[in-house]
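Below: the structure, in structure tokens.
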Amino acid sequence: MRTYVVAGGTAGMGHGLARHFLRSGDHVTIVGSDPAKGRRFLDEAARDGATERAAYIRADLTSVADNLRVVEEVKARHDTLDGLILTAIRHFPRRVETPDGFEGTFALYYISRFLLSYGLTDLLERGGDPMIVNICGVGITKGAIHWDDLSLKDGYGSIKAMLQGGRATDLLGVAYAANHPHGRTRYLLHHPGFTDSGTGSLKQPAKAIIQVLAKLFAQPVEKSIQPIIELMEHPPAGRLLAYDRRTPIDPSLPTLDPGNARRLYDLTRHLLDQS
């Protein structure tokens with residue numbers, strides 16, 4: 001019996017993975033901001049006879065304080081973790097700045113994953129064959145880190161913000177592996193491809209466009225999570241894993257540059273100390 005935490009587990013691929021592991025007999029805690037969706041997961045667990053193995057933590061993952069609270073709540077519930085699955089993402093059509101001073105996409109897509117990854121490492125290192133799974137856009141080379149304007153105060157665009165968050169998340173995996181060269185926890189950056197994960201955070205007309213495209217081209221959640229499950233069950237060697245579905249990503253890509261990973265790690269620590 002293993003123990004997993006799924007950030008963003010109330011919907012989409014996070015919900016699909018949480019349900020899979022719960023049905024496999026594991027303990028699963030999901031984290032998300034919508035209490036109705038959290039209750040749905042607990043109700044599903046009850047129908048499966050898995051009430052004692054399911055938990056929901058309500059949290060705004062754009063908030064530094066809420067991420068730190070999640071870490072403490074997980075530590076209070078568990079002595080070990082076998083997996084941390086990071087899936088939370090939301091579309092911000094207009095620029096939103098969090099109370100901590102971060103742009104909303106950057107806060108959710110990168111800062112939250114940073115805090116949970118490092119904050120739960122102690123528990124993961126005690127797990128059986130621990131892995132952090134970061135569902136992202138690894139392998140995509142578009143977009144950049146705007147080093148002098150991480151909060152995108154100058155010329156915000158939702159696609160620009162998503163691409164920066166994605167490139168930051170790539171570097172998070174690289175830095176994590178470098179910072180734990182003798183650790184046991186693998187870090188998987190995984191690009192699932194175009195998946196029909198819902199359009200809850202989108203506004204019209206983008207919502208209608210994505211719904212049409214999803215019907216025509218997207219794969220269902222059940223199919224998208226299969227390569228992740230396989231990699232978790234039978235992980236390849238190495239501390240850092242990067243895959244586009246079942247295909248390994250070239251580690252020499254400029255988006256996985258170790259120097260930029262160290263630079264972003266140091267800058268993030270500095271910003272968090274100031275927030």
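So Ile140 clears everything in (1) surrounded by fewer than 18 Cβ atoms within 10 Å (Cβ to Cβ); (2) part of a strand (DSSP E or B) except one condition, right? Which one?
Unmet for Ile140, out of (1) surrounded by fewer than 18 Cβ atoms within 10 Å (Cβ to Cβ); (2) part of a strand (DSSP E or B): (2).
In contact with a strand residue (DSSP E or B) (Cβ under 9 Å, 6 or more places away or on another chain), modelled with pLDDT of 95 or more, under 20 Å from Leu231 (Cα atoms) and in a helix (DSSP H, G or I): does that describe Leu116?
no
Conditions first: (1) at positive phi; (2) touching an Asp or Glu at 6+ places or on another chain (Cβ under 8 Å). Leu171 passes all but one, so which condition is the exception?
Evaluating Leu171 over (1) at positive phi; (2) touching an Asp or Glu at 6+ places or on another chain (Cβ under 8 Å) leaves (1) as the failure.
Which one is surrounded by the fewest Cβ atoms within 10 Å (Cβ to Cβ) among residues in the range 233-275 that are over 19 Å from the mean Cα position of the chain (by Cα), among the polar types (S, T, N, Q) and under 18 Å from Asn134 (Cβ atoms)?
Of everything passing the filter in the range 233-275, Thr247 is surrounded by the fewest Cβ atoms within 10 Å (Cβ to Cβ).
Considering the range 245-262 alone, what residues qualify as being of a type in the set (D, E, K, R) and within 13 Å of Thr169 (Cα to Cα)?
Asp257, Arg262 - these are the residues of the range 245-262 that are of a type in the set (D, E, K, R) and within 13 Å of Thr169 (Cα to Cα).
Per-residue answers, yes or no, for (1) of a type outside the set (S, T, N, Q); (2) within 17 Å of the chain's Cα centre (by Cα); (3) under 27 Å from Arg126 (Cα atoms):
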| residue | (1), (2), (3) |
| --- | --- |
| Phe21 | yes, yes, yes |
| Gly25 | yes, no, yes |
| Thr29 | no, yes, yes |
| Leu61 | yes, yes, yes |
| Lys75 | yes, no, yes |
| Asp82 | yes, yes, yes |
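Taking only pairs six or more apart or across chains, which ones have beta-carbon atoms under 7 Å, a first residue in the range 9-34 that is over 16 Å from Ala50 (Cβ atoms), and a second residue that is part of a strand (DSSP E or B) and modelled with pLDDT under 95?
Met13/Thr195
The values are calculated or read from the model by the stated rules, or taken from the named source; none is laboratory data. None of the values given here were measured: they were computed from a predicted structure. Ideal geometry is used to build each Cβ from the backbone, glycine not excepted, and the neighbour counts take in all protein chains shown.
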